[in-house]
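One structure below.
The values are calculated or read from the model by the stated rules, or taken from the named source; none is laboratory data. Treat the numbers as computed from the prediction; the structure is a model and nothing was measured. A quick note on method: Cβ atoms are made from the backbone with ideal geometry, for glycine too, and the neighbour counts reach across all protein chains shown.
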Amino acid sequence: MKRIIIVALSFVLLNACRHLDQHTSTASLQNTYWKLSNINGMPLTTPENAREIHIILTREGEETRLKGFAGCNAIGGSYVLHDNSIRFTVISTKMFCNDRMDAENFLLNALNKADHFKIKSETLTLFQGAKEIAKFESVYFK
């Protein structure tokens, strides 16, 4: 009877550890689809049939690239990393959309102001000094 209990407990513990591993992975800054998840501390909801506001940071050799979608316009550019410091150079198309311009302006402003970042689990946070200015959630890994 004791052996059955020990085997059962071992099975439960192994499954619990496997479950923890699935939820403690950490996303990578580069080659991750980062969806904007909140604006000024408020959750951001993507309207039905609309594209998600997101950024993707890539690196090929010494060349760094920023690409994404800001809500109405495509964005691109580059970034410079040094440890956890980051500086973006952002370019954007210039279409106007009534219903998504607030979110777009927020994202462009945050990217232009960001001076460092932190990744915790699947969340990327951009900061300007001590102030948190934007939060993103990883959607998938490449």
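Considering only residues in region 114-142 that are among the basic types (Lys, Arg) and in a strand (DSSP E or B), the one that is nearest to His82 (Cα to Cα) turns out to be Lys118. Is region 41-55 home to any residue that is at pLDDT 85 or above, surrounded by 10 or more Cβ atoms within 10 Å (Cβ to Cβ), touching a strand residue (DSSP E or B) at 6+ places or on another chain (Cβ under 9 Å) and part of a strand (DSSP E or B)? Yes, region 41-55 has at least one match.
Can you find even one residue in region 91-105 that is in contact with a helix residue (DSSP H, G or I) (Cβ under 8 Å, 6 or more places away or on another chain) and over 21 Å from Thr26 (Cα atoms)?
yes
Residues in region 70-113 that are part of a strand (DSSP E or B) and of a type in the set (Ser, Thr, Tyr) were compared, and the one that is surrounded by the most Cβ atoms within 10 Å (Cβ to Cβ) is Tyr79.
The residue that is farthest from Ala70 (Cα to Cα), among those in region 110-142 that are in contact (Cβ under 8 Å) with a residue 24 or more places away in the chain and of a type in the set (S, T, N, Q), is Ser121.
Within region 124-138, the set of residues being more than 11 Å from Thr32 (Cα to Cα) and either aliphatic (A, V, I, L, M) or under 8 Å from the mean Cα position of the chain (by Cα) (or both) comprises Thr125, Leu126, Ala130, Ile133, Ala134, Lys135.
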